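What follows is one structure encoded as structure tokens, with my remarks underneath.
Rule-based calculations on the coordinates, nothing more; no lab input. The structure presented is a predicted model; accordingly, all values stated were derived computationally and were not measured. All Cβ positions, glycine included, derive from the backbone under ideal geometry; neighbour counts span all protein chains shown.
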Protein chains: 2
Amino acid sequence: MTPALITELTRAVGAAHVLCAPEDLSGYERDWRKRWHGKALAVVRPGSTAEVAAVVRACAQAGVSLVPQGGNTGLVGGGVPDDQGRQVVLSLRRMAAVRALDADNLTITVEAGCVLQAVQDAAEARGLLFPLSLAAEGSCTIGGNLATNAGGTQVLRFGNARDLCLGLEVVTPEGEVWDGLSGLRKDNTGYDLRGLFIGSEGTLGVITAATLKLFPKPATTLTALAACPSLEAAVQLLSLARSRLDAGLTGFEVMNPFSLELVASHFPALPRPLPNAVWTVLLEQSGAQDEAEARAGLEGLLGAALDSGCVDDAVVAESIAQSRALWHVRESIPLAQAEEGLNIKHDISVPVSAIPRFVQQTDAALAHHLPGIRLVNFGHLGDGNLHYNVQAPVGTDAAEFLRTQEPRVNEIVYDNVQAFGGSISAEHGVGTLKLEELRHRKSPVALTLMRQIKSALDPLGLMNPGRVL
Amino acid sequence: MTPALITELTRAVGAAHVLCAPEDLSGYERDWRKRWHGKALAVVRPGSTAEVAAVVRACAQAGVSLVPQGGNTGLVGGGVPDDQGRQVVLSLRRMAAVRALDADNLTITVEAGCVLQAVQDAAEARGLLFPLSLAAEGSCTIGGNLATNAGGTQVLRFGNARDLCLGLEVVTPEGEVWDGLSGLRKDNTGYDLRGLFIGSEGTLGVITAATLKLFPKPATTLTALAACPSLEAAVQLLSLARSRLDAGLTGFEVMNPFSLELVASHFPALPRPLPNAVWTVLLEQSGAQDEAEARAGLEGLLGAALDSGCVDDAVVAESIAQSRALWHVRESIPLAQAEEGLNIKHDISVPVSAIPRFVQQTDAALAHHLPGIRLVNFGHLGDGNLHYNVQAPVGTDAAEFLRTQEPRVNEIVYDNVQAFGGSISAEHGVGTLKLEELRHRKSPVALTLMRQIKSALDPLGLMNPGRVL
């Protein structure tokens, strides 16, 4: 223990918000998937930016490192302490205020601990849209979304978290507060600090608040499902959809047959409108003036796609409930995977045009080296981002399969990603999980630049060490 | 002179591309507005990324600083050498190739010296759109656009240059090549180096190529002009237009009466459809399926705006030629200003919601301190970005007015910008022009972070020194 530091932290945030008892810490020491079990020196829960700054200064003084944590919903182990019991977890959960909403400027300013859904709700209450949307939105926090540059299902139209943020408030490793909460859409007075902190996973400073872009709430949203004879055809459908619907195309998800078989087998009550599809595409169109116009747009697109042969069959949702049901099928794939048993997840991207060849080559390589392997392949085709997941062969011990084969599976998948100029982490970040892989695969020049920046901003190396770099 | 360096540069790029004779240098030593006259040691014109890297290494070896230059169309003196005759100008103009266009991925990869219009044309030839658009597009280069994070007229829908770029190739201050030419829409494997180099005005490295986003070419584009009784009403019209047209709203420019009077007086052949407008708004809608739909959308919007009182009168262009003519009026304002005489330019932004109060207060302060001053106020209201320019009082010597009053005018304008949380450089950058102002007005914490990054990446301080920081 380090009593002097605990005293200092208590002075900074109050005794009620410095947790040291093992039973109070455990919820902060492990991730929700229970892949990482760490041990914290303490958990501090500051209630204001000034308190965060005081905590950072106290830790810097004591030479103790900090692990910022939001909703603890990450998938790469970036928000839990290591197992040495010497790190302080800095929970932002108490800083959950919506500080301001400026409807004419289409911006909202929120604190880092604000749950994503609360941001969406605050916008909705004013008839506006905050489009960031992902599975964990009921519990993840906007600070975590920004620290990891979260993606999700609306990236095609609205971009990643970085694209949705106009300004930040950050506590620097020196414990200074950078007030960059501009609501400006244009500001060329110096380096893009905002963009640099976003996606840096807490390794350069602590994001305490953000000013985010809002959008008019679309008048309608309509969903359709299309069966494509091949991935090439799905890419063709994407091009056609983009040229006909333009910014109205807000979702374009692809699912292979096995991913939908898993959903059908574990959640038999869910609909399966196109059971014979080779590849199933979910399309979402938003923003038309009324439902008739939206329907005409989607039906026109699908008619043209049927004519051109890139679609075999299609259904357009008849109601909002049906639209939701189609999305629900897509979102149930990870749950169905969990029901099926342990599996190996990937979060990769390649250029959209390379997706068909990437999948063909990687499927073939995996089938060759690991016969019987089952591929759950689905994701955001519109962003070139696939969750190319691997389920153990039928009848094998999944835990044993993971233990013995995960490195080989990853090597095959990532070798192919690299061959197609892709990314081994499209939207989940690096964290602890992909640290070694990144050192091995990222351009050495890029790694050098990143290290130079890290050393310059955090020379003591106390901000979430062992992550990203 | 430094003959050893000249020998080294000649070895790197060939004798034909190392210019040392005063008559060869002069075009590179001054900016097009003739505000800055520098003196170069030499101009080098590399033809490849490897040659750029060799030039950077040679200069680093010799301890000589480098000034990257593209089309030399900047407005802040960021691309011309200082007057010491010891800097090497690195012209990227020979690196003008379109390296690749990937229609399915909606990306184009171009070299830094590619003229913006050539990028637009290459996209257009494939039925696609590269939306970055600004007055200098016929001569500015994409490298310069990225180095300064250029804005322009399509930011409302498509964002600034940074938002339009997916990947970069950069020669670092150490003369290494970072190949970050990813065409990926999602890549969370580390810090946002792309965003950092964009807008850094050549102070962190030399951008040699970029992979840019393309978009489907909109089926139609239609323009309208509206007369608003006040700036508050213009902001109200903007909100209405965003909610009704959504992403279809691609332009929203505002012009005060004096700016249009100047155009009418210097270019009497141009149309002036709403001569009595208090504020004139130019709206552009793009992307509807056909012209009838576009017209119905714009007319519906303007009808609703007339009903709500935020618009007094409006005209919708009857043809593409008329749309162009309306834009031409808007684009003629800077030329009309030049005809009228020397003037003081600003490129400021504040939150859109603060624009009316900012203009009211700044107008009043200027009128109070400098009676007779004439305000040419126009710009991209949709981005909160005004070109709030100042013309000398009638009958005064404009040169004398500038010499004696420019500092006072700038102080009043920038004090008000700061009071409203705005930016003193919305889209033009810092360069030499706003260096002192930035030191004075930017947050000290932000300046410290910027200096830490600059020192880390360019410890010798040889990359475009004296700019930005």
- prompt: Mind ordering B:126-133, B:192-199, A:122-129, B:392-399 by average Cβ neighbours within 10 Å, highest first?
  reply: B:192-199, B:126-133, A:122-129, B:392-399
task: Return the average number of partner chain Cβ atoms within 10 angstrom of each residue Cβ along peptide A:196-202.
output: 4
field: Cα Rg, Dmax (largest Cα-Cα span) when computed across region A:50-109, Å
entry: 15.3, 49
Assigned charges on the beta-carbon of Lys, Arg, Asp, Glu; region A:430-469 dipole about Cα centre (debye): 100 debye
query: Which ³J(HN,Hα) values, rounded to whole Hz and listed in residue order, are derived for region A:203-219 from phi using the Karplus coefficients 6.51, -1.76 and 1.60 in 6.51 cos²θ - 1.76 cosθ + 1.60 with θ = phi - 60°, glycine and proline given as x?
result: 8, 10, x, 10, 6, 10, 7, 8, 9, 10, 6, 10, 9, x, 6, x, 4
field: Cross-link pairs A:213/B:213; A:186/B:213; A:39/B:186; A:217/B:213 - those with Cα-Cα distance over 27 Å
entry: A:39/B:186
task: Let me know the mean shielding of B:446-456 by other chains, meaning the per-residue number of their Cβ atoms within 10 Å of its Cβ.
output: 6
- request: Mind running the shape call on region B:200-249? Use the C-alpha gyration tensor, a ≥ b ≥ c as the square roots of the eigenvalues: rounded below 1.5 for a/c, prolate if a/b tops b/c, oblate otherwise.
  value: oblate
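Counting Lys +1, Arg +1, Asp -1, Glu -1, what net charge surrounds residue B:191 among other residues with beta carbon under 13 Å of its beta carbon?
+2
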field: Separation of the residue B:266 and residue A:265 label points, Cα + 7 Å toward Cβ, nm
entry: 7.4 nm
query: Using a label point 7 angstrom from Cα along Cα-to-C-beta, what distances in nm, from shortest up, separate residue A:339 from the other copies?
result: 7.3
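Net charge within 12 Å of residue B:107 by Cβ-Cβ distance, Lys/Arg positive one each and Asp/Glu negative one each, not counting residue B:107 itself? Before the final figure, lay out the partial values.
Details: positive: B:99, B:126, B:185, B:213; negative: B:102, B:104.
Local charge sum for residue B:107: +2.
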Scattering curve values for region A:1-78, log₁₀ I(q)/I(0), Debye with Cα scatterers, q = 0.14, 0.17, 0.22, 0.24 Å⁻¹: -0.46, -0.67, -1.06, -1.19
- request: Give, to the nearest whole percent, the P(r) tail of the protein assembly as shown beyond 47 angstrom, counting all Cα pairs.
  value: 26 percent
- request: Note down the magnitude of the dipole of the protein assembly as shown about its Cα centre, charges +1 on Lys and Arg C-beta and -1 on Asp and Glu C-beta and zero elsewhere, to the nearest 20 debye.
  value: 1820 debye
task: Over the whole of B:223-232, what's the average partner chain Cβ count within 10 Å per residue? Rounded to a whole number, please.
output: 0
query: Measuring label to label, 7 Å along Cα→Cβ, what does residue B:368 give against each other copy in nm, shortest first?
result: 7.8
query: How large is Rg over Rh for region B:135-247, taking Rg from the Cα atoms and Rh as the Kirkwood inverse mean of 1/r across Cα pairs?
result: 1.08
task: Order these peptides, A:168-174, A:203-209, by their mean beta-carbon neighbour count within 10 angstrom, highest first.
output: A:203-209, A:168-174
- prompt: How far, in degrees from 0 to 90, does helix A:291-308 lean away from the longest principal axis of the Cα atoms of chain A, to the nearest 10?
  reply: 60 degrees
query: Any idea what % of Cα-Cα pairs in region B:358-469 are farther than 16 Å?
result: 66 percent
task: Evaluate the Debye formula for region A:1-154 with equal point scatterers sitting on the alpha carbons, no solvent, and hand back log10 of I(q)/I(0) at q = 0.09, 0.11, 0.14, 0.18 Å⁻¹, in q order, two decimals.
output: -0.31, -0.45, -0.70, -1.04
field: Among B:359, B:283, B:116 - extreme Cα towards positive end, dipole of chain B, charges at beta-carbon
entry: B:116
- request: Compute the separation of the alpha-carbon centres of region B:198-264 and region B:311-386 and state it in Å as a whole number.
  value: 13 Å
- prompt: Roughly how big is chain B's charge dipole about its Cα centre, with Cβ charges of +1 (Lys, Arg) and -1 (Asp, Glu), in debye to the nearest 20?
  reply: 940 debye
- line: Taking Cα pairs closer than 8 Å and at least 6 residues apart, the relative contact order of chain B in percent is 15 percent
task: Take peptides A:12-20, A:44-52 and line them up by average Cβ neighbours within 10 Å, highest first, as a rough protection proxy.
output: A:44-52, A:12-20
message: How many angstrom lie between the Cα centre of region A:1-68 and the Cα centre of region A:127-190?
response: 24 Å
field: Overall dimensions of chain B as given by Cα atoms, namely Rg and Dmax in Å
entry: 23.0, 74
Structure-based [θ]222 nm, chain B - -39500 (n - 2.57) summed over DSSP H runs of at least 4, per residue, nearest 500: -11500 deg cm²/dmol
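Among the listed pairs A:434/A:454; B:434/B:454; B:345/B:454, give every one whose C-alpha distance is greater than 22 Å.
In this structure, B:345/B:454 lie more than 22 Å apart at Cα.
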query: Which listed residue (A:248, A:189, A:66) has the Cα farthest towards the positive end of the charge dipole for chain A, taking +1 on Lys and Arg C-beta and -1 on Asp and Glu C-beta about the Cα centre?
result: A:66
query: Using 7 Å Cα-to-Cβ label points, what is the residue B:4/residue B:335 separation (nm, one decimal)?
result: 5.2 nm
task: Let me have the relative contact order for region A:145-213, percent, based on Cα pairs under 8 Å that are six or more residues apart.
output: 42 percent
- request: Evaluate the distance, in nm, between pseudo-label points positioned 7 Å from the Cα of residue A:394 and of residue B:306 along their respective Cα→Cβ axes.
  value: 6.9 nm
query: Over the C-alpha atoms of region A:214-355, what are the Rg and the largest Cα-to-Cα span, Dmax, in Å?
result: 15.2, 45
